[in-house]
Amino acid sequence: MKFRCSNCGFETHVATNRCASCGIEVQGAPQQADILNYGDVVAGGKYSITQVLGQGGFSLTYLGYDLYLEAPVAIKEFYPAGCRRKDGKVVPAGTWTEADFEKLRERFLDEGHVLSRFNHPGIVAVYAVFEENNSAYIVMEYLQGHTLLALMSARGGVLSEPEALYYAVRVGEALETVHNGGLLHRDVKPENILVTEEGRVVLLDFGTARRYLQPEVTVGQTTLTPGYAAPEQYDPRVAEKPCTDVYGLAATLYHVLTGVVPFDAPRRREGAVLTPIQSFQPEITPEVAECIEAGLSLDMAQRPVSVRVFVEELTFRAKQAGTLQGVQFSILHATTAVNLTEAYRLEGHNRSVTSLLLVNDGQFLISGGDDSLIRLWDLARRKSFGSLKSGTGIQALAMSPECDVLASAGQESWVRVWDFATGTEQGCLDGHASPVRAMAFSSTGLLATASNDSTVILWNAQWQIAARLIGHQGPVGAVAFSPDGRYVATGSDDSTVRIWDPASGRQLTVLDGHRRPVTALAFSPNGLLLASGSNDKTVCLWVFFEKREIRRFRGHAAIVWSVNFSPDGRYLATASGDKTARIWDVGSAREVGKCEGHTSWVRVALFTPDCNFLITGSGDKTIRVWEGKWTSTSS
């Protein structure tokens, strides 16, 4: 059995009154004999106990098993610290009176019933609430993942501003739902925010939640987390409000951005001054830092009145500074348009242009065609300076992060690898049973090859098979890596997008939103969004962590062959069989520009690094460079 400290998360197999990691005292920690044991059952035999997951001030949480549905669950048992179990029943002990015990149990049940009415991805789902053993139980979904505290450790001690704000917005949405239900969470902190293996951001541990619409006098001890608890939580005479949770969320942001927990409220009241966020991290947007510090105001009247106001102000300031370009979190939209005119053409292929790559910060362009040629173009001089001859018509190209290796796929089942500096073929990667349709390099140097044989192969730097991704029920026609290389997305004729862990080859999630084959994929530059194009003529924009479609781009009249984000993430370029390429505003899913002029389908569309040009390749054998004149106003 494991015991987890409710303050720092340290786990031990020994029941103790003091955490061996942070030293915090746990009053009345239950003894081994007072804990439900492996195989014990509750709810008339519906749930069995496996092990203890953790202990709070008023409850024990077990890993359980639903014997009817044959699925793991989390079971929270009402067990105020200091109580004991006698003849299988939980009884008040120590400083707890029978009256206080019963009143707290009723509140525990009431809050369980309130939580069971919430239907929000950021709040753990409650399956059952019942009384038994003179106690009360809340049965919830069992979630596995990593807390923000663990993610901070994995990121080197702090989170980036975009990632931190993303999590804050997700938690803010959950808190708003909680507040609308008349509850306060009262213990928002990195340890109580879980990012699941499927990418959900979930607010945990409502053990200290309290009603604010009908405040009651606190019974017994109050559990607070120094540094995150608002000053009013230390004074039972002061009514708490939604801005109490604003303080906790602001303290969480302060911690994850700086690596330092804020001074606790009593110490600040005695004169301790918070170190400004930018003293730790100068690159943090100043206006964002100011918003967070305002949320940490000791005076309730000086804080944002609600989590919604706090989050919208944060995201508005971040968007103004460009931090969250490409992620639409607030109700504020940008009205943008681009007038695209053809600047010049590159002609050299005698059959369809199927693939384009920009290299050397946009100085050079590589194109592949059905004529089996790979051409190299100098964009400044507007001419080709060389070509490579492949065996059959080019279907896909990919360039390594160091721009030293070029991979090409034709109509064979293997992939050719070229030394880009010398233009010499280095060998073939032979592992598929059918032609390769799409390829991508990761930032870490892995090469992914997607094939008509329904599989994707990951090749390491030595060109050995590192993993084979198996799960699609049809040919795989699209593949993309997240910017940090932590995820690889694949799209198939089975109409699904699948997200994989490239390190283990394990499938993480399935995105099911298209009605026809998925033909194109691209991650946003900040890694938070995924765009998927399809033969159903639409593009889906996903918060892939949450399996949530947030935008649908409609307007093309034929298959969408290509999707690519602008370097700042604000716009999406798409190429289609309807002979057009289009530019879309990511935040509003509104079409803001269109390239018309190709006489055949457009296979690919790319932004130049400065976003002033769009490059398209088409079945009419031409590569066209379009100049864009942008206009933008705020609404």
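Where a number appears in this text, it was derived from the coordinates with a stated rule and is not lab data. Since this is a predicted model, take the numbers as computed values, not measurements. Here the Cβ is made from the backbone with ideal geometry for all residues, glycine too, and neighbour counts use every protein chain on show.
Below are the figures for this structure:
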read-out	value
For the chain, alpha-carbon Rg relative to the globular expectation (2.2 N^0.38 Å, N residues)	1.10
Distance (nanometres) between label positions extended 7 Å along Cα→Cβ at residue 629 and residue 68	6.9 nm
Computed over the stretch 339-634, the ratio Rg/Rh where both radii use C-alpha atoms and Rh is Kirkwood	0.93
Reachable lysines, given that their alpha-carbon falls under 29 Å from the alpha-carbon of residue 46 and they are not under 8 places away in the same chain	2, 76, 86, 89, 103
Calculated FRET efficiency for the pair residue 461/residue 599, C-beta based, R₀ 45 Å, to 0.05	0.60
Per-residue [θ]222 nm for the chain (sum of -39500 (n - 2.57) over DSSP H runs n ≥ 4, rounded to 500)	-5000 deg cm²/dmol
Neighbour-count order for 70, 293, fewest beta carbons within 10 angstrom listed first	70, 293
Most to least packed among 96-107, 45-56 [average Cβ atoms within 10 Å]	45-56, 96-107
At 1.306 mPa s and 10 °C, Stokes D of the stretch 145-321 from Kirkwood alpha-carbon radius, µm² per second	98 µm²/s
Förster radius 35 Å - calculated FRET efficiency between residue 320 and residue 269 (Cβ-Cβ, nearest 0.05)	0.60
